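What follows draws every value from the coordinates through simple rules; no lab data is involved. Fair warning: this is a prediction, and the values are worked out from it, not measured in the lab. Note: ideal-geometry Cβ built from the backbone for every residue, glycine included; neighbour counts use all protein chains shown.
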Amino acid sequence: MLFLRGASRICMAMVAVCWLCLPLDTAEGGDTLVRVKARGNVRCGVSGDQPGLSWKDADGRWTGMDVDFCRALSAAVLGDPEKVRFIPLTAAARFPALKAGDLDVLVRNTTWTLEREAVLGVLFAGALYHDSQGFLVRKSSGIQELSRLNGATVCVVKGSTHEGYLAYRFGLENWTYQPLQVETSSQGAAALQEGKCAAFTSEKAQLRAMQLRAPGGPDQYDILKEVISNEPMGPVVRRGDEDWFTIVRWVLFGLIHAEEAGYTQASVRSRLENLEDYQARHWRELGDLIAKSLGMAPGWGMRAIESVGNYGEIFDRNLGAQSPLKLDRGLNKLWRDGGLMYSPPFR
């Protein structure tokens with residue numbers, strides 16, 4: 001009980017520090033869509049440092065699951081998936097940037113928590129990706145179990161939920177450790193390689209990307225089997241603009257619904273334009289009604305899916321079988337396949 005109270009004080013202190021770092025003059029929440037249209041782009045906060053979620057490829061093009069969501073949102077509201085301004089941010093800078101109005105949406109592998117919604121005054125539109133927090137170690141260290149990190153130095157990104165989960169889990173086990181805070185995952189990878197820490201802790205997708213890019217090859221590192229948290233990550237918006245929140249949330253659900261209904265990037269237009277397809281006609285008519293109510297052009301759902309594909313296509317391309325990471329979908333499978341991905345009904 002003494003530890004639980006101590007861990008609670010640590011977590012609340014971290015949140016308080018984050019809150020104090022936020023600007024006093026935060027942006028007004030309403031009319032985000034009006035400002036997006038007037039500006040002609042969606043400002044999307046991303047990591048820029050995480051293959052599979054958000055980073056620039058060899059050709060300098062932004063790619064990843066978070067990036068694809070930003071493009072789908074831009075296609076829905078502006079009619080063009082390329083009208084996105086990607087703003088790379090550190091974990092510590094992301095919420096201040098959102099609160100200050102520098103972003104329209106934050107899609108930066110950011111974990112959905114009650115603490116963040118209640119204390120920071122933000123809203124999560126849903127879960128775009130479910131992950132868990134794990135540990136990457138050098139194979140030469142001989143560390144194969146989490147307990148071997150008792151007394152060790154552990155690298156962790158500053159301003160992430162991983163700091164709190166790390167403190168909580170080690171406290172539960174009555175283990176000691178020395179945190180080495182880094183600003184980015186790249187800094188964490190370098191510190192691990194140089195032997196400054198025994199392990200780097202983050203989401204398993206991040207760890208897998210680091211393992212694949214490691215000097216000397218991926219066989220030089222291991223990802224421990226044990227995990228210490230669940231990480232539902234998704235788009236975040238400021239409080240105060242319910243219409244924009246609804247748009248962001250239902251673009252996400254639209255991508256999931258498209259997979260449920262069998263709409264693909266290649267087939268969605270032909271299916272929705274087929275007057276004899278009852279399911280497609282029903283969705284198109286409802287979508288047009290929603291578009292009018294929220295101030296978007298008709299066909300917003302079709303544009304989003306046509307720009308990046310349905311949820312399954314997005315996952316496979318960036319994180320799954322078609323990607324270098326080749327991660328199993330796990331909890332990111334559709335509900336009917338044993339996963340957690342589910343769209344509420346559109347009507």
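For the reader, a short list of remarks on this structure follows.
- Principal-axis analysis of the Cα atoms of the chain puts helix 242-261 at an angle of about 90° to the longest axis.
- Degrees separating the helix 2-21 axis from the principal Cα axis of the chain, which is the longest one: 50
- Loop-located GluC sites (Glu not before Pro) in the range 66-166 whose Cβ has at most 12 other Cβ within 10 Å (DSSP): Glu82, Glu145
- The relative contact order of the chain, computed from alpha carbon pairs under 8 Å that lie at least 6 residues apart in sequence, is 22 percent.
- Using R0 = 41 Å, the C-beta based FRET efficiency linking Glu173 and Lys56 works out to 0.55.
- Inter-label distance, Asp277 to Gln144: 5.2 nm, where each label sits 7 Å from its Cα along the C-beta direction.
- Candidate lysines - alpha carbon under 22 Å from Lys158, same-chain residues fewer than 8 apart omitted: Lys99, Lys196, Lys204
- Note: relative contact order over the range 61-218, using C-alpha pairs below 8 Å and six or more positions apart, is 23 percent.
- The range 132-230, relative contact order in percent, only Cα pairs under 8 angstrom and at least six apart counted: 49
- Beta bridge orientation in the range 132-230: antiparallel %, DSSP, nearest 5: 55
- Pairwise label distance in nanometres, Ser293 with Asp31, each label 7 Å out on the Cα-Cβ vector: 2.4
- Least to most buried among Tyr342, Tyr165 (fewest other Cβ within 10 Å first): Tyr342, Tyr165
- Distance in nm between pseudo-label sites at Asp328 and Glu226 (7 Å out along the Cβ direction from Cα): 2.0
- Under 15 Å of direct C-alpha separation, and excluding same-chain neighbours fewer than eight residues apart, Lys292 reaches these aspartates and glutamates: Asp243.
- A straight line joining the Cα centroids of the range 71-147 and the range 283-347 runs 18 Å.
- Between helix 65-78 and the chain: long-axis angle, C-alpha atoms, 0 to 90°, nearest 10: 30
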